[in-house]
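Chemist: Sharing a structure, written as structure tokens. Questions coming.
The values are calculated or read from the model by the stated rules, or taken from the named source; none is laboratory data. Because the structure is a prediction, the values reported are computed rather than measured. Here the Cβ positions follow ideal geometry from the backbone for every residue, glycine too, while neighbour counts run over all protein chains shown. The area values use the complete protein model at the heavy-atom level, side chains included, leaving out ligands, DNA and RNA. Shrake-Rupley method; radii C 1.70, N 1.55, O 1.52, S 1.80 Å.
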Amino acid sequence: MLDSIIFSLLAIAILFFIGRLFYKDNKIEKEGIITTAEIIENRYISSNQTGGSKIFFILSYIDEKTNETKIIERTEIVPNFYSSQLQKGMRVKIKYLKENPSEMAFILE
């Protein structure tokens, strides 16, 4: 009995987490603002078997409405194929949410 309750709670938590990720990605896709950001710092953290690297980034961009420079600190899993586009000092396009700029996505080509 206790095992089935724990399993059910764990399944609900996993489904909630996955649903939240889809919701966030969909919101960035629909409501996101596209801008160019400069990579101030990037640090390799780890890699996985699927060909991705977990990297910590500090990005700066200019808010087009206020003309202020903003900073985003974020950890992101990036496919190794795109890592050459995400080096310190490079400029990259991002899409972010106005109400929460740390919710962003890279636009990689």
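Chemist: What do you get for the angle between helix 2-31 and the principal long axis of the chain? Use alpha-carbon atoms, 0 to 90 degrees, nearest ten.
Modeler: 20
Chemist: When the chain is modelled as a GNM with alpha-carbon springs shorter than 10 Å, which of Ile55, Ile77, Ile12 fluctuates the most?
Modeler: For the chain, modelled as a Gaussian network with Cα springs under 10 Å, the answer is Ile12.
Chemist: Here is a further query. Enter the accessible area of Tyr44 (Å², nearest 10), with the probe set to 1.4 Å and all protein chains included.
Modeler: 140
Chemist: Could I ask something else about it? Report the equivalent ellipsoid semi-axes for the chain in whole Å, largest first, defined as the square roots of five times the eigenvalues of the gyration tensor built from alpha carbon atoms.
Modeler: Working: eigenvalues 191, 72, 26 Å².
Taking √(5λ) for each eigenvalue gives 31, 19, 11 Å, largest first.
Chemist: Could you work out the relative contact order of segment 33-108? I mean the mean sequence separation of Cα pairs under 8 Å and 6+ apart, divided by the number of residues, in percent. Before the final figure, lay out each step's value.
Modeler: Working: 154 pairs, mean separation 25.6, N = 76.
Dividing the mean separation by the residue count of segment 33-108 yields 34 percent.
Chemist: Below 12 angstrom from the Cβ of Arg20, what's the summed charge of the other residues (Lys, Arg +1; Asp, Glu -1)?
Modeler: Details: positive: Lys24, Lys27; negative: Asp25, Glu103.
Spelling it out: positives minus negatives among the neighbours equals 0.
Chemist: Something else now. What value in Å³ per residue do you get for the convex hull of the alpha-carbon atoms in segment 65-109?
Modeler: So the per-residue hull volume is 96 Å³.
Chemist: Give me the distance in nm between label points sitting 7 Å out from Cα along the Cα-to-Cβ direction at Phe16 and Ser4, one decimal.
Modeler: Output for this residue pair reads 2.2 nm.
Chemist: For a 19 Å ceiling on Cα separation, which of these pairs sit above it: Lys30/Lys88; Lys70/Lys95; Lys54/Lys98?
Modeler: Working: Lys30/Lys88 29 Å; Lys70/Lys95 14 Å; Lys54/Lys98 25 Å.
Result: Lys30/Lys88; Lys54/Lys98 exceed 19 Å.
Chemist: Starting from the residue with the highest accessible area, list Ser60, Ser47 in decreasing order, probe 1.4 Å.
Modeler: On the way: Ser60 20, Ser47 75 Å².
Most to least solvent-accessible, the answer reads Ser47, Ser60.
Chemist: May I ask you to evaluate 6.51 cos²θ - 1.76 cosθ + 1.60, the Karplus curve with θ = phi - 60°, for each residue of segment 69-86 and list the ³J(HN,Hα) values in order in whole Hz, giving x for glycine and proline?
Modeler: Once θ is set to phi - 60°, the couplings for segment 69-86 become 7, 10, 10, 10, 10, 7, 9, 9, 8, 10, x, 4, 4, 9, 4, 5, 7, 10 Hz.
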